[in-house]
1. From (1) near the ligand (Cβ under 10 Å from one of its atoms); (2) buried (at least 23 other Cβ atoms within 10 Å of the Cβ); (3) in a helix (DSSP H, G or I), pick out the condition that doesn't hold for residue 30.
2. Checking the condition within 19 Å of residue 156 (Cα to Cα) and either under 22 Å from the mean Cα position of the chain (by Cα) or without any contact (Cβ under 8 Å) to a residue 24 or more places away in the chain (or both), which residue from 14, 42, 48, 19 passes?
3. What are the residues in the stretch 273-296 that are within 16 Å of the ligand (Cβ to nearest atom) and surrounded by fewer than 16 Cβ atoms within 10 Å (Cβ to Cβ), if any?
4. How many residues does the stretch 94-122 contain that are of a type in the set (S, T, N, Q) and in a strand (DSSP E or B)?
5. Report yes if residue 338 is modelled with pLDDT under 60 and closer than 30 Å to residue 56 by Cα, otherwise no.
6. Here are 312, 377: which of them is open to solvent by 40 Å² or more (accessible area, probe 1.4 Å) and either at pLDDT 90 or above or within 16 Å of the ligand (Cβ to nearest atom) (or both)?
7. Considering only residues that are surrounded by fewer than 21 Cβ atoms within 10 Å (Cβ to Cβ) and not aliphatic (A, V, I, L, M), which ones fall in the stretch 101-121?
8. Just to be sure before I move on: is residue 197 under 22 Å from the mean Cα position of the chain (by Cα) and at pLDDT below 95 in the structure I sent?
Amino acid sequence: MFVLTDLTFESFGLASPILGALTAAGFIKPTPIQAKAIPHALAGRDVLGIAQTGTGKTAAFALPMINAMTDRLHSKRFSTRALVLAPTRELAVQIEQEIKKFAAGLGLRTVLIVGGVSRFGQVQRMMRGADIVVGCPGRVVDLMNTRELVIDQCQFFVLDEADRMLDLGFMPDIRKVVNALPARRQSALFSATMPAEIAKLANGLLREPVRVEIEAVASTPSRIEQSVYFAEGPEKRNLLIKLLHQPEFSKTVVFTRTKRGADRVALMLNSSKISAAALHGNLSQNQRQRALDAFKAGEVRALVATDIAARGIDVNAVSHVINFELPNEPESYVHRIGRTARNGADGVAVAFCDATELPYLTQIEKLTGIKMKVAGGERPRQAMPVKKPARHPDMQVRKIKPKRPPYQEKRKVA
Ligand code: AMP
């Protein structure tokens with residue numbers, strides 16, 4: 001999905017073990033965001049990056065940070081020299097893996113601090129002091145509260161996918177983290193979009209940052225072939241089975257709007273002899289990682305996911321993305337189909353649309369500027385009203401029971 005520049009990593013003056021690790025990882029030339037951000041970050045500047053996953057932004061912030069840590073000066077017990085915050089556990093895992101790859105042979109201590117798994121192992125690792133902590137806001141604040149993570153000596157701070165952090169309600173946690181950081185530090189903030197609240201956050205967090213902007217969220221990679229099938233409820237299920245039985249749908253991400261929907265579709269596929277795994281926020285961290293690993297390894301052909309769970313996930317060679325249900329935010333469609341056609345490969349995105357989803361399709365076509373090819377069915381003449389307002393799939397909605405009126409004793413009738 002990204003383009004490479006004609007520059008080299010050597011030209012940035014990175015330490016030679018890092019250059020060696022980059023070559024070993026197959027990184028020959030930098031991507032545009034790396035070319036724009038790395039020289040400034042190496043010079044000590046703060047960075048405001050407007051880019052999405054798939055542009056190479058992880059290396060853009062990680063390489064300068066690692067380069068500053070080749071001195072092998074480790075930090076004190078429970079302290080860290082760098083902190084990277086990501087909105088989802090999967091993204092945090094991916095960032096830590098990428099950092100480990102670049103820092104191979106440098107002996108740096110990285111610690112992953114995410115929820116959904118026991119904190120014991122994380123605290124044990126923090127006991128020895130960390131060089132780089134990668135985590136999600138909830139568990140990071142949790143460990144900060146018990147002083148098992150101390151960030152007052154942290155020299156590097158990265159906030160990744162800031163707009164998703166906002167969507168997920170992480171702003172109060174982020175403010176706590178930022179308030180505990182030392183004033184003398186280098187920071188970077190990455191976001192795919194720049195709503196007013198993120199711009200305000202960036203203002204308070206970054207000191208005279210360089211702004212690097214890569215790809216507008218509305219632009220869909222041209223190598224993705226996009227089409228739509230018009231189908232109602234049960235037809236959608238039959239169509240999905242039919243498509244996934246075709247051998248070219250070898251590694252497909254299927255998107256649903258809700259967590260229950262993802263479970264239902266995965267179950268239905270498995271009972272139709274199509275190996276599938278669900279990926280959503282109600283699963284434990286281990287279950288999520290297992291589903292993702294099985295998909296990456298090709299043990300399951302379909303990963304049925306909700307938006308948030310799949311966001312930022314980097315799986316090579318995804319052959320198809322199927323929008324079993326269209327998202328109600330058109331930007332999510334662009335993120336979803338960005339799971340395919342990565343690393344220079346071609347991809348196919350198929351959308352299923354029923355009469356209630358027609359307005360979503362119109363919004364998507366308006367945003368991308370592409371009229372989707374109709375692969376099957378007939379465009380409904382009129383949109384049907386949605387029965388229930390769609391709510392954000394990964395948001396826990398707690399039902400509040402109405403308070404009972406105070407108990408009143410029935411007056412005894414004499
Ligand atoms: P990111 O946007 O950081 O999630 O990167 C997306 C994918 O591109 C990851 O699999 C990276 O390992 C890969 N990648 C990033 N930069 C480069 C590069 N300069 N050369 C080759 N692969 C890269």
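1. (3) is the only condition that residue 30 fails.
2. Working: 14 fails: either under 22 Å from the mean Cα position of the chain (by Cα) or without any contact (Cβ under 8 Å) to a residue 24 or more places away in the chain (or both); 42 fails: either under 22 Å from the mean Cα position of the chain (by Cα) or without any contact (Cβ under 8 Å) to a residue 24 or more places away in the chain (or both); 19 fails: within 19 Å of residue 156 (Cα to Cα).
Step by step, each of 14, 42, 48, 19 is checked, and only 48 is within 19 Å of residue 156 (Cα to Cα) and either under 22 Å from the mean Cα position of the chain (by Cα) or without any contact (Cβ under 8 Å) to a residue 24 or more places away in the chain (or both).
3. Restricting attention to the stretch 273-296, the residues satisfying the condition of being within 16 Å of the ligand (Cβ to nearest atom) are 292-293, 295-296.
Result: 293, single match.
4. Narrowing the stretch 94-122 to residues of a type in the set (S, T, N, Q): 94, 97, 110, 118, 122.
In the following step, the residues that additionally are in a strand (DSSP E or B) were identified as 110.
Qualifying residue count for the region: 1.
5. Working: modelled with pLDDT under 60: no; closer than 30 Å to residue 56 by Cα: yes.
Spelling it out, it is not the case that residue 338 is modelled with pLDDT under 60 and closer than 30 Å to residue 56 by Cα.
6. Numbers: 312 fails: open to solvent by 40 Å² or more (accessible area, probe 1.4 Å).
Step by step, each of 312, 377 is checked, and only 377 is open to solvent by 40 Å² or more (accessible area, probe 1.4 Å) and either at pLDDT 90 or above or within 16 Å of the ligand (Cβ to nearest atom) (or both).
7. 101, 105, 107, 109, 110, 115, 116, 118, 119, 120, 121
8. On the way: under 22 Å from the mean Cα position of the chain (by Cα): yes; at pLDDT below 95: yes.
So residue 197 passes the test.
The values are calculated or read from the model by the stated rules, or taken from the named source; none is laboratory data. Computed from a predicted structure; not experimentally measured. Positions of Cβ are generated from backbone atoms using ideal geometry, with glycine treated the same way; all protein chains shown enter the neighbour counts. For the accessible areas, the whole protein counts, side chains as well, though only heavy atoms, and no ligand, DNA or RNA atoms are used. Shrake-Rupley method; radii C 1.70, N 1.55, O 1.52, S 1.80 Å.
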